Structures are given as structure tokens and as C-alpha cells.
Amino acid sequence: MSAQHSSGFLNLVNQVRAQIKEIDIETMLEMKEQDQAFVLIDVREQNEWAAGHIPDATYLGKGIIERDIESQFPDKATKLVLYCGGGYRSALAADNLQKMGYTNVISMDGGYRRWLSLGHRVEVDV
């Protein structure tokens with residue numbers, strides 16, 4: 001995704017951020033370390049996922065997550081932590097899942113780009 005986002009897109013993201021919960025990578029890692037149950041979901045495009053993703057993540061891209069979420073995670077209380085490239089698409093996806101009745105959805109701010117910048121391990125599809 002381009003580093004330059006349109007003002008309309010940024011306005012939309014900022015509107016939904018007031019409606020959703022966000023955490024940073026460090027908080028997600030603390031949750032994992034404390035054995036908190038959650039599903040990490042990558043909402044980026046398929047080609048982004050294939051090039052590299054956070055270990056233990058599940059792929060449900062932004063284009064299909066609303067269509068497929070209920071078949072993969074029918075319990076709407078499941079804790080879902082969503083990430084994308086930087087935290088914008090995951091915020092939009094989190095908002096939509098909340099509108100669908102999911103009650104424990106979190107967007108991971110900073111996303112995959114920050115994960116990489118922190119030097120964390122990634123997995124690549126082969």
C-alpha cells in the first residue's frame with residue numbers, strides 16, 4: 001500500500017478509530033506471552049501475505065473478511081487481532097466486524113511495516 005494516502009481515506013480511518021479498539025505490537029506480544037487466547041488475522045492482499053507475514057497469523061484479506069469471517073470464526077466473542085501494512089485497513093476491517101456483531105475485535109496499529117522495523121521474525125509462503 002502506498003505511503004501516501006488520500007485525505008478522504010485518512011478521514012475515514014480516523015472516523016472509525018474512534019469506534020474501535022487499537023493496540024500496538026508490544027501489547028499483542030504481551031497478550032501472547034501471557035497465553036491470552038486470540039486469533040491474529042492478516043487483512044492485507046494475498047500477494048502481501050505471500051511475500052511475508054507474522055508467524056501464527058491467519059489470512060483473511062480485507063476483500064473477503066466480511067464474507068468469510070463467520071464460517072471461520074462463528075463465535076462472535078472470539079478475540080480477533082487484525083493487522084495490515086500500517087494499521088489503516090485493519091481499522092476499517094475491525095469497524096466492519098463490529099457492525100457484524102463481533103464484540104472483541106482489535107486493530108494492531110503499526111501493522112506489518114512496524115513489525116518488520118522492529119526486527120521480528122516473519123514467515124514466507126513457499
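Here are the numbers:
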{"read-out": "Sites Q19 and R113, calculated FRET efficiency, Cβ-Cβ separation with R0 30 Å, nearest 0.05", "value": "0.80"}
{"read-out": "The chain, helix-only ellipticity at 222 nm - DSSP H runs n ≥ 4, -39,500 (n - 2.57), divided by all residues, nearest 500", "value": "-12000 deg cm²/dmol"}
{"read-out": "Cross-link partners of K32 among lysines (Cα-Cα below 17 Å; sequence separation of 8 or more within a chain)", "value": "K79"}
{"read-out": "Size of charge dipole - region 1-113 - debye, nearest 20, with Cβ of Lys, Arg +1 and Asp, Glu -1, no other charges", "value": "380"}
{"read-out": "Protection proxy ranking of 14-27, 89-102, 49-62 - average other beta-carbon atoms within 10 Å, highest first", "value": "89-102, 49-62, 14-27"}
{"read-out": "Two-decimal Rg/Rh across the chain, once Rg and the Kirkwood Rh are taken from alpha-carbon atoms", "value": "0.94"}
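Each reported figure results from applying straightforward, stated rules to the coordinates on display, with no laboratory input. Values in this document were obtained by computation on a predicted structure and should not be read as measured data. Here the Cβ is made from the backbone with ideal geometry for all residues, glycine too, and neighbour counts use every protein chain on show.
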